[in-house]
1. When you check Val180 against the structure, is it of a type outside the set (Ser, Thr, Tyr), under 18 Å from Arg17 (Cβ atoms) and part of a helix (DSSP H, G or I), yes or no?
2. For residues that are surrounded by fewer than 22 Cβ atoms within 10 Å (Cβ to Cβ) and touching a helix residue (DSSP H, G or I) at 6+ places or on another chain (Cβ under 7 Å), scanning just the range 61-94, find the one that is farthest from Asp30 (Cα to Cα).
3. Val63 - would you say it is part of a strand (DSSP E or B) and in the same structural domain as Asn99 (by TED's automatic domain parsing)?
4. Could you list all residues from the range 136-160 that are without any contact (Cβ under 8 Å) to a residue 40 or more places away in the chain and within 16 Å of Gly113 (Cβ to Cβ)?
5. Residues that are touching a residue at least 40 places away in the same chain (Cβ under 8 Å), of a type in the set (A, V, I, L, M) and part of a loop (DSSP other than H, G, I, E, B): does the range 70-89 have at least one?
6. I'd like the full set of residues that are modelled with pLDDT of 85 or more and acidic (Asp, Glu), limited to the range 94-127.
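The values are calculated or read from the model by the stated rules, or taken from the named source; none is laboratory data. None of these values were measured; they are calculated from a predicted model. For neighbour counting, all protein chains shown are included, and Cβ atoms are generated from backbone atoms with ideal geometry for every residue, glycine included.
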Amino acid sequence: MELIPADEEERIAAVNRYEVLDTPPDGAFDRITSLAARLFDVPISIVSIVDRDRIWFKSHHGVELQEIGRDLGLCASAVCHHGPWLVTDAKVDVRTIDNPLVAGELGLRFYFGVPLTTSDGFNLGTLNVIDVEPREVTEAEVATLQDLAAIVVSELEVRLAARRTLEDRRRRALELNDEVVQGLAFAKLAVESGRSDQAREAITDTLHTAQSIVGELLESAGGEGQLGPGDLVRSSGALVSPPRSPSR
C-alpha cells in the first residue's frame, strides 16, 4: 500500500510550518479527542501528525503511546487521501489484515480517520477514532468527525497566525530600537562637534521613531495607535516637583 503522498516534501514543510511536533499536551486538543471518543462510543481517539518516519500523537485519548513508527500506522495511509479513510473490520480488510496493530496485542478492528487538511491543501495527519470491535459509520457520523477535524485545523491555524504576529512585532521592535539608538548616537556626535542644527534634526527624527513605537504598542493593546503632537511631551507642571513642607 502506498504510504508516501506525491507531495510529500511540501507536506513535510507544512508540518514543520506549524511547529506542533513534540509540543506538550494541550487541553484544547485533548477535549476534541475526548469528545470524539464519546460521540462515537469508542475507546480510542487520536490527533496524529505524520512526520517523515513516525506518527506523533498531539492528543491520544485511551492509549498511552506518544508515537509509533510510520510504517505501522494507518494514519500514514489516511494522509494519502483527501477524504475520510474507513476500515470497518481490519481483520478482513486487505489493506490492514497484516498490520501489527491489527494482528498484535492491540487487536485493532475499526479505524475511521479524517485528514487534517491545511488551508493550502496539505494533510498534516488525522483525527481518528479506533475500536477493537468492527462497526459501520453513518453519513451523520462522517460529517461529525469532519467537523471535529476542521476544529483541530482551526486551532493550529490560529496558533500559527498568533506566532507570526508576535514574530513580526518583535522584528519591528528591533528595527525601531536600532533607529532610536542610531539617532541618539548621531545627535550626541553632532552636539560634541558643535553641529547644533544636525543634532536638533536627529533628535526630532528620533522622537518621531519613538512616537511610532508607542503608537504600535497602543495599537497592539487595542488602542487607535495614533499620537498627536506633544503626546510624548510632559506638561511643564509635571516636570516641576512641588515644594516640600519645612520639617519641624
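1. On the way: of a type outside the set (Ser, Thr, Tyr): yes; under 18 Å from Arg17 (Cβ atoms): no; part of a helix (DSSP H, G or I): yes.
The answer is no for Val180.
2. Just the residues of the range 61-94 that are surrounded by fewer than 22 Cβ atoms within 10 Å (Cβ to Cβ), to begin with: 62-72, 77, 80-86, 88-89, 91-94.
If we keep only those that are touching a helix residue (DSSP H, G or I) at 6+ places or on another chain (Cβ under 7 Å) as well, we get 62, 70, 72, 84-85, 91.
Values: Gly62: 11, Arg70: 22, Leu72: 23, Pro84: 21, Trp85: 22, Lys91: 29 Å.
If we take residues in the range 61-94 being surrounded by fewer than 22 Cβ atoms within 10 Å (Cβ to Cβ) and touching a helix residue (DSSP H, G or I) at 6+ places or on another chain (Cβ under 7 Å), then Lys91 is farthest from Asp30 (Cα to Cα).
3. Working: part of a strand (DSSP E or B): no; in the same structural domain as Asn99 (by TED's automatic domain parsing): yes.
No, not satisfied.
4. If the condition is that a residue be without any contact (Cβ under 8 Å) to a residue 40 or more places away in the chain and within 16 Å of Gly113 (Cβ to Cβ), then Ala143, Asp147, Ala149, Ala150, Val153 are the ones that fit.
5. Scanning the range 70-89, I find at least one residue that is touching a residue at least 40 places away in the same chain (Cβ under 8 Å), of a type in the set (A, V, I, L, M) and part of a loop (DSSP other than H, G, I, E, B), so the answer is yes.
6. Scanning the range 94-127 gives a single hit, Asp120.
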